[in-house]
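Okay, so here's the structure we're looking at.
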Amino acid sequence: MKYLTVTVPCFNSEEYMKRCIDSLLEGGEDVEILIIDDGSSDNTGQIADEYEANYANIVKVIHKANGGHGSGVNKGMELAQGVYFKVVDSDDWLDRDAYKKLLAQIKNFCHMEENTKIPDLFVCNYVYNHLDEGTTHSIHYRNIFPNEKMCGWDSIGRFRPSQYLVMHALIFKTEILRKSKVRLPEHTFYVDNLFAYQPLPFVKQIYYMDVDLYQYYLGREDQSVNERVLMQRIDQQIRVTDIVARCVDLKAVKAISPKLASYMTRNISIMLTISSIHLLLIQTEDAHRKRKDMWEKIRGENKALYYRLRYTTLSGFSYLPGKLGGKITVGGYRVARRLYQFQ
């Protein structure tokens, strides 16, 4: 039995993928590691095949034509045999002790009586690792979820500005992902936002573990979260924001769980804020037009959502009128970036 499937999308990852996969092997045969070679042109495929040859009961390699990060995650969800599912990017890794503790808890739940409910979602902390600077910054959820106790959406606490549920923090039950029918667009960056959003209404039972599991590397110049790169790929960020805003009926969610609906609205707000700010940073007429069009599209499709986002959430401060409003927005973003070390 495989308790956890870990999918590792790889594209030209030869320089750093071994650190990632070696950390995952600590799970032993309780874990299924799917290495998705997404049309790499370097030695990624060869390295992956060597791992499969040496760890045939743990590692499976899928070689496929290039389709982007989302395509790799989709393939992993399609093939996963584990009870739970996690994505680990090839330049990141898992902390050994936290990983062992998570697996032990998953096994404990799976071995309980058949009528015992097991979590639909595990949540763990993640850590920003600025290795070049020698600094780390952990994002936790202690104020939101009780530690190592089952809970539902109606009993969660309030998210702080630096807290939201990202792919790095989440371990979904594989069945939940399939029920949600989440499928990530190909050849598109920032699709992890959709992965961390669309399945949430299907989650009823949550289990938080206050351990720093996911180790997220920051520092590569070509990373998608790099400010310069994000500005170059702003159309993809806008596209994913639009998909996220339309993929779930928030009115239906609110009827069942107002707290979850509030969080999901906040999530759209954060994505809109990121898009709005980076369009301001580009400082072209075309960027200003795209910023206006993005907001107007939401107003045209869902006026109620537009007014909530515009006047009751953080994103409203990213759409202040005039040049002064733009300067205030960018200044606030610079302060937040230094404070929370998210880039």
Of all residues in the range 1-56 being touching a strand residue (DSSP E or B) at 6+ places or on another chain (Cβ under 9 Å), open to solvent by 60 Å² or more (accessible area, probe 1.4 Å) and part of a loop (DSSP other than H, G, I, E, B), the one that is nearest to ASN74 (Cα to Cα): PHE11
Residue selected from the range 92-131 under the condition of a type in the set (Ser, Thr, Tyr) and in a strand (DSSP E or B), by the criterion surrounded by the fewest Cβ atoms within 10 Å (Cβ to Cβ): TYR128
Residue count for the range 155-176, restricted to those that are more than 19 Å from THR7 (Cα to Cα) and β-branched (Val, Ile, Thr): 1
Residue match in the range 184-202 (condition: among the hydroxyl-bearing types (Ser, Thr, Tyr) and part of a helix (DSSP H, G or I)): no
Pairs where the first residue, in the range 104-129, is free of Cβ contacts under 8 Å to residues at least 24 places away in the same chain and the second is outside any loop (DSSP other than H, G, I, E, B) and among the basic types (Lys, Arg), C-beta under 8 Å, 6+ apart: none
Looking only at the range 177-200, and only at residues there that are over 16 Å from the mean Cα position of the chain (by Cα) and over 26 Å from VAL229 (Cα atoms), the one that is surrounded by the fewest Cβ atoms within 10 Å (Cβ to Cβ): LYS181
Residues located in the range 63-82, provided they are closer than 19 Å to ARG178 by Cβ and surrounded by fewer than 18 Cβ atoms within 10 Å (Cβ to Cβ): GLU78, LEU79, GLN81
Residue match in the range 222-238 (condition: over 14 Å from the mean Cα position of the chain (by Cα), part of a loop (DSSP other than H, G, I, E, B) and not polar (S, T, N, Q)): yes
Options ASP249, ASP235, ASP293, ASP286: the member that is modelled with pLDDT of 85 or more, surrounded by fewer than 16 Cβ atoms within 10 Å (Cβ to Cβ) and under 24 Å from ILE156 (Cα atoms): ASP249
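The values are calculated or read from the model by the stated rules, or taken from the named source; none is laboratory data. Here the structure is a predicted model, which means the values were calculated and not measured. Here Cβ is always computed from backbone atoms with ideal geometry, including for glycine, and neighbour counts include all displayed protein chains. All accessible areas refer to the heavy atoms of the entire protein, side chains included, with ligands and DNA or RNA removed. Shrake-Rupley method; radii C 1.70, N 1.55, O 1.52, S 1.80 Å.
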